[in-house]
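Single-structure report; data block below.
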Amino acid sequence: MLVALAWLSGLFIDVTGDSGLYAAISRQMVDSGDWFHLKINGEPYDQKPHMFFWLAGLGIQFFGNTNFAFKLFPFLYGVAGIYFTYRLGKQIFSDEAGKWAALIAGTSQIYFLYFFDYHTDIVLQTGVILALWQLAAYLQHQKRVNFVFGFLGVGLAMLAKGPVGAILPFFAVLFYLLAERDFKQLFHFKWLLGISVSMAVISPTLIHLYNSFGLEGLKFYFITNNFGRISGSYAGSSNDYFYYLYNAMWAFLPWTVFVGFGLFSEIKTWRNLNKENAWGIYLLGSVLLLLFILSIAKGKAPNYFLIAVSPIVVVAGNWLYRLNKMPVGGQRKLLISQMFFLVLISVFALFVVVVYSAGWLRVIIALMFLSVIIFSVVMTFTQNSLRKVVLVSLIVTGGLNLFLNAKIFPELYKYQGAKQAIHIFETQNNPETQLYNFEVEEYGIFFYAHEPVQNITNWDELYKIMSKPKSWIYTNEIKYNDIIKMNYDIDTVYQIRQRGMNRINLEFLNPKTREQSLKSNYLIITGSKKTE
C-alpha cells in the first residue's frame with residue numbers, strides 16, 4: 001500500500017525539464033488534432049518518436065492539461081513493464097524468480113524517480129522487456145505468436161526512443177544462440193521477417209521524419225541521434241567511464257546488496273561456459289554490452305540506465321529464489337549487509353523528516369522510522385528472516401518515497417517559474433490579453449496555461465509585441481535587462497524568484513538558505529506606446 005500510494009502521489013507532481021517539454025508537445029498535439037506530425041511551438045520535432053506522446057496525449061484528451069492526465073497512461077504502460085519483468089523471469093527461470101524480479105524492479109529507487117519525473121525511458125523499458133520475454137518464449141517453444149509479439153515489442157521500444165530499443169533484444173538472441181551453438185537458427189531468414197514487423201510498427205515515425213525533414217530526418221533517427229551521442233558530436237561531453245556504475249548503487253536501492261550478490265554469483269558461473277549459462281548470457285551478456293556502449297558514450301544521463309534494470313533484476317530474482325540453498329552462514333552475512341543498508345536509508349529518512357516537517361508530524365514519522373530500524377535489526381536474526389527483512393525494506397522505501405512525493409517534491413516544485421508566471425497572468429489579466437514566452441526554456445508554461453502561450457523566437461517579433469499595449473511577456477533576467485534599455489513603455493513588472501528543478505543544489509534544498517539560491521525571471525506587461 002505504501003508503494004502504491006508513493007507511485008500514485010507521483011502522478012500529481014509538476015513536470016520539469018524534459019518532462020515539461022514532452023508535456024508541451026503532447027498538449028499541442030492534442031490541441032492541433034494532428035497526432036502524426038509532432039511539433040513544438042509550430043516547429044517540427046525530431047528528437048523522440050511517437051509512443052510516449054500518444055500515451056500522454058490520451059490522458060490529456062480525456063482529462064485536460066493536468067499532471068495526472070499527462071502521466072496516467074505512461075504510468076500504466078510502465079507498470080505493464082513490471083508485469084512483463086515477472087513474466088520474463090517466470091519464462092526463463094521460475095514463477096518465484098519472476099515475482100522476486102518484479103518486486104525488486106517496481107520498488108527500486110530508479111522506478112520511484114521516473115514514476116514522477118517522466119522520460120521516454122519509462123516507455124522504452126516496457127517494449128524492451130516485452131520483446132525479451134516473448135523472444136525467450138519463442139526460443140524455447142518455437143511458436144509463431146511469440147515470434148510476432150517479440151518483434152512487436154522491439155518495434156514498440158523503437159517507437160519509444162529509436163534504435164536503442166533494439167539493442168538488448170538483438171544481442172540477447174545473438175548471445176543465446178551462440179551459447180547454444182545453434183548456428184543454423186542464427187542465420188535463418190526468419191529474422192528478416194521479424195525485422196519487417198518492427199519496421200511496420202515504427203513506420204509512423206519514419207513517415208513523420210521524412211515528411212518534416214526529408215532524408216536528414218531518417219538519418220537523424222538511425223544514425224545521428226545515436227552515434228552522435230556516443231561520439232559527442234551531437235550531444236554530451238562526459239568522459240566518466242564509471243558513471244553508470246555508481247548510479248547503479250542508488251538506482252537499485254534498497255536492493256543494491258541483493259542485486260550485487262546476484263550478478264556476482266551469475267557471472268562467476270561463466271568461467272566454464274556451457275549451455276546451462278545460456279539464459280544468464282541472454283540477459284546479462286546483452287546488458288553488459290549495452291552498459292559498455294553507454295559508458296564510453298559522451299552523452300550520459302541516469303534515465304538511460306532504466307533500460308538495463310529489468311534484465312538485471314531477473315537474474316537477481318533467480319538468485320534470491322535459490323537463496324535457501326546457500327549455507328546458513330552465507331545467508332546471515334547477506335541479511336546483515338542488507339540490514340546495514342536499510343539502517344542507512346532509515347537514518348536518511350529520519351534526517352529528511354526532521355528537516356522538512358514540524359510539530360507532531362515530525363515526531364510521529366520519526367518514531368515510525370526509528371521503530372523500523374529497531375525491528376529490522378531484530379528480524380535479521382529470526383527464522384524466515386529474508387522475507388521479514390524484505391518486508392521492512394518495502395516499508396522503509398515505500399514510506400520514504402511517499403513522504404517525498406506527497407510533501408517534499410510538491411513544495412520544491414512550487415519554485416519553478418513557469419507555474420508562478422501562469423498563476424499571476426491568469427489571476428490578473430483580462431480575456432483579451434496574450435501571454436508570451438521569450439528565451440525561457442521552461443516548457444511547462446506551454447502545458448499548464450489555460451490558453452495557448454505564444455513563443456517569441458526572434459527580436460523582430462519581440463519589437464512588434466512590445467509595441468502592443470497590455471502584452472504579457474515572460475523572460476529571464478538577461479533579456480529583461482535588454483528590454484529595459486529599449487525605451488518601450490512598460491506598465492507593470494513582476495519579479496519571479498525561481499529555481500529550475502534540474503538545477504537543484506544543497507543551498508536550495510536547505511530551507512534556511514533557499515532564498516539565496518533563487519534566481520529572478522520577470523513577467524512584463526507592456527504599456528501604450530514606445531517612448532521617443
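Read-outs: derived from the displayed coordinates by stated rules, not from any lab. Keep in mind it's a predicted model, so treat the numbers as computed, not measured. Here Cβ is always computed from backbone atoms with ideal geometry, including for glycine, and neighbour counts include all displayed protein chains.
Brief remarks on what is shown
- Distance between modelled label sites at VAL343 and ILE230, nm, 7 Å Cα→Cβ extension: 4.6
- Theoretical FRET efficiency, 1/(1+(r/R0)^6), r = Cβ-Cβ of LEU394 and ARG503, R0 25 Å, to 0.05: 0.20
- The spacing between the stretch 244-265 and the stretch 281-347, judged by their C-alpha centroids, is 4 Å.
- Order of MET326, MET501 - criterion: other Cβ atoms within 10 Å of each residue's Cβ, fewest first: MET326, MET501
- Here the spin labels are modelled as points 7 Å beyond Cα on the Cα-Cβ line, and at GLU216 and ARG387 they lie 6.2 nm apart.
- Rounded FRET efficiency, nearest 0.05, which uses the C-beta distance separating TYR241 from PHE264 and R0 of 22 Å: 0.65
- Taking each residue as 0.36 nm, the span from ASN429 to ALA4 lengthens on full extension beyond its C-alpha to C-alpha distance by 149.0 nm.
- For P(r) over Cα pairs in 10 Å bins from 0, in percent, computed directly from the structure shown, the correct entry in [x] 4, 16, 25, 25, 17, 9, 3, 1, 0; [y] 3, 16, 23, 20, 16, 12, 7, 2, 0; [z] 3, 12, 14, 12, 9, 8, 7, 7, 7, 7, 7, 5, 2, 1, 0, 0 is [x].
- Overall shape: oblate for the stretch 126-259, with the ratio a/c of the largest to smallest alpha carbon gyration tensor axis at 1.5 or above and b/c at least equal to a/b.
- Distance (nanometres) between label positions extended 7 Å along Cα→Cβ at ASN458 and ASP95: 6.6
- Contour excess over end-to-end distance, with Cα ends at VAL354 and ASN510 and 0.36 nm allotted per residue: 55.0 nm
- Under DSSP loop assignment and at most 10 Cβ neighbours within 10 Å, longest trypsin sites (Lys or Arg not before Pro)-free interval of the chain: 182-484
- Proximal lysines relative to LYS519, as straight alpha-carbon distance under 17 Å, when same-chain residues fewer than 8 apart are discounted: LYS414, LYS419, LYS479
- Potential extension, PHE36-HIS141 segment - 0.36 nm per residue separation minus Cα distance: 34.1 nm
- Ordered by the count of other Cβ atoms within 10 Å of each Cβ, fewest first, VAL173, VAL154, VAL493, VAL314 give VAL493, VAL173, VAL154, VAL314.
- Counting only alpha carbon atoms, the long axis of helix 306-321 and the longest principal axis of the chain meet at about 30°.
- Reachable lysines, given that their alpha-carbon falls under 26 Å from the alpha-carbon of LYS325 and they are not under 8 places away in the same chain: LYS90, LYS99, LYS268, LYS275, LYS333, LYS388
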